[in-house]
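A.B. asks: Pasting in a structure now, in structure tokens, and then I'll have a few things to ask.
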């Protein structure tokens, strides 16, 4: 096992001081990263918090002021829909050999767009499978990525993909490689769909409450709170993810509605045997997760 | 505050030694109930476990053998669909003045049916809003009902409803009165619908895994595990609940599908403003729960 060298990046710029960007910076420091960690955010208040909490060494809200000569890794940690714009804006400032990566939840075509924009610089798509329903740099979690998967959406290994893999491994992440389009299908299924379902469930309960003139939220049974916890996730982030990964999200919603319509049909028909079969299959699959 | 007298019931028979029946008996003992606690179950192994764990004083698997003269409260804790049959079977044995109640998740018409069957004995519908996704008397939880709601589906107070209320209050439950039909609507919305959604979600992920030849369950992102925890609930219990509360369950599934179809439409149209509005409304409602 090699010692921690964090891929030998000498200086890192985190663009977007939210929960993930902040947790990335915080974890780097606590794991012993010795290079500089800079932050960029348009919101001055966030920079102040990040500096005061010693999450970053220095923050900026203008690209002109950043000491680009110190930076050989840039991490995009803003909402996914801003990535192309930011890539265009930062490209003229980048030092030769600087690697650009991200922590965004949507990959697919976007990865190829960013590679085209940033060429000859190397863009490497990355997605840490970690988070909380909280937002903001002030809620940054030290060690957020420990034991969590980190998906690199690359087609072949390069010197720089190996460096980035080493950096994330040194933060405790389990790095896995996936095609950018398969990535979007997988996370539409296991993350975007469950979020859509949670938001829709709460919406349905609001409507059902109105229908009968009773506040259903006064009766959260066992499981209900767990179930809707993710409905408290950031509306602006999730609005973007749904739209950015529209094709896969809609496909998985359709597949889910088919499953639910089928379940409903079996309930209507009181088909006990088929119901038990579906419910048992679900239980088995769910138990494998534990 | 009156001292704990558990409604002055002298002997209690729990019919059905599962998680809820077991937790009820276990909690009675630990809270200092001094009367006898008998158990009934067709499964001898469960009786043995319940006796060995000192959850009940004595268990029976034949109604003839039960010392009915010692019993003035019977709690139905078997699957809801067995209630009518059991009521008919036990009625000839009941001592004058014995109260019959239950811990079932479905009320509505069933309450009136049981009252008709058991007359002149008093049947009082009760539903403790507590549970875990585990099953079986061996997983009984001491104090399961502490701080939890207990719904009594009664139309007017009687001496016996007050006694039953006292018993549950002495176990730490917060007793609330509700019309039996409103009860079924409320729990279809906050419990049965979320369970149907969780089962359908896991089912959809199984299908989506097959579609792309990838095991999606290897990628449980943040929130996903919480979300599907309830999909590990008992298939036989949930099959019964769905069928017993069919009308309300189907109505709430339809309402939920409407909400999800609407969300899908907004994603397709990339209607950012309307998406943010729905997502924010959901977040607010969810946050009120904490």
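The values are calculated or read from the model by the stated rules, or taken from the named source; none is laboratory data. These numbers come from a predicted model, not from an experiment. Cβ coordinates were reconstructed from backbone atoms using ideal geometry, including for glycine residues, and neighbour counts include every protein chain displayed.
A.B. asks: Could you say which residue among B:39, B:22, B:59, B:16 is assigned by TED's automatic domain parsing to the domain that holds residue B:84, surrounded by 16 or more Cβ atoms within 10 Å (Cβ to Cβ) and on the phi > 0 side of the Ramachandran plot?
C.D. replies: The match here is B:16.
A.B. asks: Name the single residue that is farthest from the chain's Cα centre (by Cα) among those in segment B:251-261 being touching a residue at least 40 places away in the same chain (Cβ under 8 Å) and either facing chain A (nearest Cβ under 7 Å) or over 30 Å from residue A:268 (Cβ atoms) (or both).
C.D. replies: Across segment B:251-261, the extreme among qualifying residues is B:256.
A.B. asks: Tally the residues that are assigned to a helix (DSSP H, G or I) and either modelled with pLDDT of 95 or more or within 7 Å of chain A (Cβ to nearest Cβ) (or both), restricting the search to segment B:215-245. Write out each step before concluding.
C.D. replies: Quick first cut of segment B:215-245, residues assigned to a helix (DSSP H, G or I) only: B:216-218, B:224-232, B:235-244.
Subset that is either modelled with pLDDT of 95 or more or within 7 Å of chain A (Cβ to nearest Cβ) (or both): B:216-217, B:224-232, B:235-236, B:238-239, B:242-243.
Residues that pass the stated criteria total 17.
A.B. asks: Kindly indicate whether any position in segment A:147-164 is closer than 17 Å to residue A:241 by Cβ, modelled with pLDDT of 95 or more, within 11 Å of another protein chain (Cβ to nearest Cβ) and touching a helix residue (DSSP H, G or I) at 6+ places or on another chain (Cβ under 7 Å).
C.D. replies: Yes, segment A:147-164 has at least one match.
A.B. asks: Next up: Being without any contact (Cβ under 8 Å) to a residue 60 or more places away in the chain and loosely packed, with under 15 Cβ neighbours inside 10 Å is the filter here, so list the residues in segment B:108-145 that pass it.
C.D. replies: Selection gives B:113, B:116, B:119, B:120.
A.B. asks: Run down B:21, B:16, B:97, B:11 and say which single residue is in contact with a strand residue (DSSP E or B) (Cβ under 6 Å, 6 or more places away or on another chain) and closer than 19 Å to residue B:121 by Cβ.
C.D. replies: Step by step, each of B:21, B:16, B:97, B:11 is checked, and only B:11 is in contact with a strand residue (DSSP E or B) (Cβ under 6 Å, 6 or more places away or on another chain) and closer than 19 Å to residue B:121 by Cβ.
A.B. asks: Is it fair to say residue A:136 is in contact with a helix residue (DSSP H, G or I) (Cβ under 9 Å, 6 or more places away or on another chain) and under 13 Å from residue A:160 (Cβ atoms)?
C.D. replies: Numbers: in contact with a helix residue (DSSP H, G or I) (Cβ under 9 Å, 6 or more places away or on another chain): yes; under 13 Å from residue A:160 (Cβ atoms): no.
No; evaluated as a whole, the condition is false for this residue.
A.B. asks: Take the residues of segment B:114-137 that are more than 23 Å from residue B:182 (Cβ to Cβ) and at pLDDT 95 or above: which is farthest from the other protein chains (Cβ to nearest Cβ)?
C.D. replies: Applying the filter and picking the extreme gives B:120.
A.B. asks: Which is out of contact with any strand residue (DSSP E or B) (no Cβ under 7 Å at 6 or more places or on another chain), more than 7 Å from chain B (Cβ to nearest Cβ) and outside any helix (DSSP H, G or I), of A:248, A:290?
C.D. replies: Of the residues listed, the single one that is out of contact with any strand residue (DSSP E or B) (no Cβ under 7 Å at 6 or more places or on another chain), more than 7 Å from chain B (Cβ to nearest Cβ) and outside any helix (DSSP H, G or I) is A:290.
A.B. asks: Then there is this: Just a yes or no: is a residue in segment A:46-69 at pLDDT below 95, closer than 28 Å to residue A:162 by Cβ and assigned to a helix (DSSP H, G or I)?
C.D. replies: no
A.B. asks: If you don't mind, another one. Would you mind finding the one in A:277, A:212, A:264, A:225 that is farther than 20 Å from residue B:105 by Cα and either free of Cβ contacts under 8 Å to residues at least 12 places away in the same chain or touching a strand residue (DSSP E or B) at 6+ places or on another chain (Cβ under 8 Å) (or both)? Give the derivation first.
C.D. replies: Numbers: A:212 fails: farther than 20 Å from residue B:105 by Cα; A:264 fails: farther than 20 Å from residue B:105 by Cα; A:225 fails: farther than 20 Å from residue B:105 by Cα.
Just a single option satisfies the conditions, and that option is A:277.
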